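The values are calculated or read from the model by the stated rules, or taken from the named source; none is laboratory data. Computed from a predicted structure; not experimentally measured. Cβ: placed from backbone, ideal geometry, glycine included. Neighbour counts: every protein chain shown.
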Amino acid sequence: MVIVAGQIFVDPQQRESYLAGCVGVVELARRTPGCLDFAVSADLVDPGRINVFERWESRAAVEAFRGDGPGDEQGAAMLAAAVDEYDIAKVRSLMRD
């Protein structure tokens, strides 16, 4: 399993439009084979921060989806980013319905 997680920082006045531009990417990712979860969301405390969380079955699934990364418009809106990829060997469930 692969987890991609981190933060993107944008101008607080641009955050809502940035997130609106991510809707199609989130919908596409969630329909992609190998995607277990994909979320891009506003931070509850920092008005310029966007949280990124992705969970994939494999590295190959991530690479098949990723392509060239953010589009030009999204890339231009980013002031900074800190997003990392983790290879996970074992999962322990803490809570399930």
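Taking the stated definitions as given, is D46 more than 13 Å from the chain's Cα centre (by Cα) and modelled with pLDDT of 95 or more?
yes
Only one residue in V83, V4, V40, V52 is in contact with a Cys (Cβ under 7 Å, 6 or more places away or on another chain) and part of a strand (DSSP E or B), so which one is that?
V40
Can you tell me which residues in the stretch 78-92 are under 18 Å from W56 (Cβ atoms) and over 14 Å from the mean Cα position of the chain (by Cα)? Walk me through it before giving the result.
Residues of the stretch 78-92 under 18 Å from W56 (Cβ atoms): 83-91.
D87, I88, A89, K90, V91, listed by residue number.
Would you confirm whether or not the stretch 22-32 contains a residue that is without any contact (Cβ under 8 Å) to a residue 40 or more places away in the chain and touching a Pro at 6+ places or on another chain (Cβ under 8 Å)? Spell out the reasoning first.
As a first pass, look at the stretch 22-32 and keep what is without any contact (Cβ under 8 Å) to a residue 40 or more places away in the chain: 23-32.
From what is left, the residues that are touching a Pro at 6+ places or on another chain (Cβ under 8 Å) are none.
No, every residue in the stretch 22-32 fails to be without any contact (Cβ under 8 Å) to a residue 40 or more places away in the chain and touching a Pro at 6+ places or on another chain (Cβ under 8 Å).
Within the stretch 1-35, restricting attention to residues that are basic (K, R) and surrounded by 12 or more Cβ atoms within 10 Å (Cβ to Cβ), which residue is farthest from E57 (Cα to Cα)?
My answer is R15.
For every residue, the table says whether it meets (1) at pLDDT 95 or above; (2) on the phi > 0 side of the Ramachandran plot; (3) not small (G, A, S).
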| site | (1), (2), (3) |
| --- | --- |
| V23 | no, no, yes |
| E27 | no, no, yes |
| T32 | no, no, yes |
| F38 | yes, no, yes |
| S41 | yes, no, no |
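Just checking, how many residues over the stretch 7-23 are more than 28 Å from G34 (Cα to Cα) and either of a type in the set (F, W, Y) or not in a helix (DSSP H, G or I) (or both)?
Of the residues in that region, 2 qualify.
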